[in-house]
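Heads up: the structure comes next, in structure tokens.
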Amino acid sequence: MERYYQEEIECAPRETISAWQDERLRETVKRVYEKVPYYRDLMDKKGIKPDDIRGVEDLGKLPFLTKDDLREAYPYGMLARPLKDCVRIQSTSGTTGKRVVAFYTQHDLDVWEDCCARAIVAAGGTDEDVVHVCYGYGLFTGGPGLNGGSHKVGSLTLPMSSGNTERQVQFLCDLEATILCCTPSYAAYIGETVNEKGLRDKIKLKAGIFGAEAWSEEMRRDIEKSLGIKAHDIYGLTELCGPGVSFECSEQTGMHINEDHFIAEIINPETGEVLPEGEKGELVFTSITKDAFPLIRYRTRDICRLTRKKCSCGRTHVKMSKPMGRSDDMLIVKGVNVFPSQIETVLVSKGYPANYQIIVDRVKNTDTLDVRVEMTNEMFSDNLGSVSEREKELVDALKAMLGITASVKLVAPKSIARSEGKAVRIIDKRKLI
Ligand code: DLL
């Protein structure tokens, strides 16, 4: 039977959710206009006043906000509350450009932890569970978010953080954790280690809550098999709070967005035009309950679809598909758009583990695309003569998926470095020129 953390909210009738959104949006817009000069300028430039926004139907009148805006306003320019009312800072990893710093009041932390608690209960968590959190702690939101959510549910919480995989596995066995929270690539690594050590019978895991990076359905099945669990997706971004913006229920067909806190739109990333339900495009969020760091029409760069189709779990909040990639992660190779997730789908569907690297380079003014992928132990011990046949098979399958030719190199098991957090799979050497 499906369980909920906040049933009256998660299963509220659509009209009720819409009424909450209209009211909270009006209040948020008014507040940022009064308190945040950066927003006031953006709205003035568009000739929009708070009274022009009566509800969600007027959302499209408001200007978009991008990561560049947050960088420009860094560090305090977006604050809607005095700094003395803020109690926490979290931050993005800042792999491209300056970090984004997000601020939280105590109310913001409560809301965020409630969102994570909804995700844990949707994955079957109760106060009888032992929740092993090996997302990174610190500035990264993964550890603190799931940790806080687990406390709210009343589960016994193990704040493991990432790294030291031997110790993770030992704790999983000794303390009999039932729910594992980490990135999908780390879950795959933990699964590999558990099985290699012959400890599969010693672990008591029943579910996992994995997110923070793109992962395919094939990778989900691999992890579910290797750990004997049901693997749930969870999505979020630091700018909005962290994990828990949306989460998967028992149906595992997309993530319910916590619409009492966030309004979602899908836009055409090139034109900014709002797209109808079901179309693929860039996800844009407006926060409607955030106190310290409200964001209006924030462009996530994540590409996905929304659906309002009735969900068997009973939740009424809109669902987003797994992000298919980021518009800024998309590689353009020989003029063709290539998403790393397309490559992963091909590899995993052909029986390869999701341990791969995509190397893009430019040789004599022509782009090259090299894919290095690990073989499984069985493939490796197979007759070596078949390696070139296998490589050829992958070249053909990738060509069918992408429309361009990639060179494929099969490498020995374990020869590609494992990740304890978000995996780094793309090496674009062209940027170094
Ligand atoms: O990754 C927050 C998080 C922590 C989510 C733990 C889930 C679990 P950032 O480091 O700011 O925050 O990165 C946000 O990660 O815009 C997506 O591109 C990507 N991302 C997050 N969750 C998923 C997911 C955290 N489930 C960026 N599937 C987002 C695909 C995801 N991509």
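No lab work stands behind these numbers, since they all come straight from the coordinates. Quick caveat, the model's predicted, so the values are computed rather than measured. With ideal geometry, Cβ positions are generated from the backbone for all residues, glycine too; neighbour counts draw on all protein chains shown.
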Hz values of 3J(HN,Hα) by residue in the range 75-89 - Karplus curve (6.51, -1.76, 1.60), Gly and Pro given as x:
x, 9, x, 9, 5, 9, 10, x, 4, 5, 7, 8, 10, 8, 10
Sequence-distant or interchain residues sharing an amide H contact under 5 Å with Thr157, placed H: which?
Val131
Quick check on the exposure proxy: order Lys309, Lys364 from fewest to most C-beta atoms within 10 angstrom.
Lys364, Lys309
Protection proxy (average C-beta count within 10 Å per residue), highest first, orders 148-158, 272-282 as 148-158, 272-282
Give the total of Lys-Lys pairs in the range 27-160 with Cα-Cα distances below 13 Å; include a pair only if its members are 8 or more places apart or on different chains.
5
Convert 25 °C to kelvin, take the viscosity as 0.890 mPa s, use the Kirkwood radius over C-alpha pairs of the range 29-93 as Rh, and evaluate the Stokes-Einstein diffusion coefficient in µm²/s, rounded to a whole number.
186 µm²/s
Determine how many Å³ per residue the convex hull of the Cα atoms of the chain encloses.
149 Å³
Please give me, ordered by residue number, the trypsin sites (Lys or Arg not before Pro) of the range 1-83 that lie in loop per DSSP and have at most 15 other Cβ atoms within 10 Å.
Arg3, Arg54
Expressed in angstrom and rounded, the centroid-to-centroid distance over alpha carbons for the range 217-295 and the range 345-423 is 29 Å
With a ≥ b ≥ c from the Cα gyration tensor eigenvalues, square-rooted, and the rule rounded for a/c under 1.5, otherwise prolate when a/b > b/c and oblate otherwise, the range 1-118 is oblate
Which of the chymotrypsin sites (Phe, Trp or Tyr not before Pro) found in the range 1-82 are loop residues per DSSP with 13 or fewer other Cβ atoms within 10 Å of their Cβ?
Tyr76
For Arg326, Arg315, which order do you get if you count the other beta carbons within 10 Å of each Cβ and list the fewest first?
Arg326, Arg315
Label-point separation (nm) for Glu72 and Lys280, each offset 7 Å from Cα along Cα-to-Cβ?
3.1 nm
What dipole magnitude, in Debye to the nearest 20, does the chain give about its Cα centre under +1 on Lys/Arg Cβ and -1 on Asp/Glu Cβ?
1000 debye
Looking at the chain, what % of its DSSP beta bridges pair antiparallel, to the nearest 5?
60 percent
Checking every Cys Cβ in the chain against the others at 4.7 Å leaves as unpaired Cys11, Cys86, Cys115, Cys116, Cys173, Cys181, Cys241, Cys304, Cys311
Restricting to DSSP H runs of at least four residues, report the calculated mean residue ellipticity at 222 nm for the chain, -39500 (n - 2.57) per run over all residues, nearest 500 deg cm²/dmol.
-9500 deg cm²/dmol
Please report Cys115, Cys181 as a ranked list, fewest other C-beta atoms within 10 angstrom at the top and most at the bottom.
Cys115, Cys181
Can you list the lysines whose alpha carbon sits under 23 Å from that of Lys197, skipping same-chain ones fewer than 8 residues off?
Lys206, Lys225, Lys230, Lys414
